[in-house]
Amino acid sequence: MTSGPDGVMLAPMKTSRAERAEVLGAALKAARQQAGLGMEEVAERLEMPVEVLARVERGVMVPTISTLTRLCVILKLDPDTLPDLPEMSD
């Protein structure tokens, strides 16, 4: 349980793996845009096809921990600010 802004204890929200993947992807996309980087540039620095990065940003695909770590470095993003990662199985 976590506490809300008013100190009231909140039950963790139940969300599907797909919903969590979409939230993570949206956060990564927003961070990339805020950093002023294009998808092509980030994909090139990750040494992956731009289509794969697009799938991550759309929440269709969850990045590996290694890729996520590299993304955080490239985007100068604190991993603790990211939404909860989807678990491998629900």
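The values are calculated or read from the model by the stated rules, or taken from the named source; none is laboratory data. The model shown is predicted, which means the values in this text are computed figures rather than measured ones. Positions of Cβ are generated from backbone atoms using ideal geometry, with glycine treated the same way; all protein chains shown enter the neighbour counts. What goes into the accessible areas is simple: the full protein's heavy atoms, side chains included, and nothing from ligands, DNA or RNA. Shrake-Rupley method; radii C 1.70, N 1.55, O 1.52, S 1.80 Å.
Pick from the stretch 41-70 the residues that are in contact with a Leu (Cβ under 9 Å, 6 or more places away or on another chain) and among the charged types (D, E, K, R): which of them is least open to solvent (accessible area, probe 1.4 Å)?
By that ranking, first place goes to 57.
Among what's in the stretch 18-71 and is of a type in the set (Asp, Glu) and in a helix (DSSP H, G or I), pick the residue that is modelled with the lowest pLDDT.
If we filter the stretch 18-71 for residues that are of a type in the set (Asp, Glu), which is where we start, we get 19, 22, 40-41, 44, 47, 51, 57.
This time we only want the ones that are in a helix (DSSP H, G or I), so: 19, 22, 40-41, 44, 51, 57.
On the way: 19: 89, 22: 93, 40: 98, 41: 98, 44: 97, 51: 97, 57: 97.
By that ranking, first place goes to 19.
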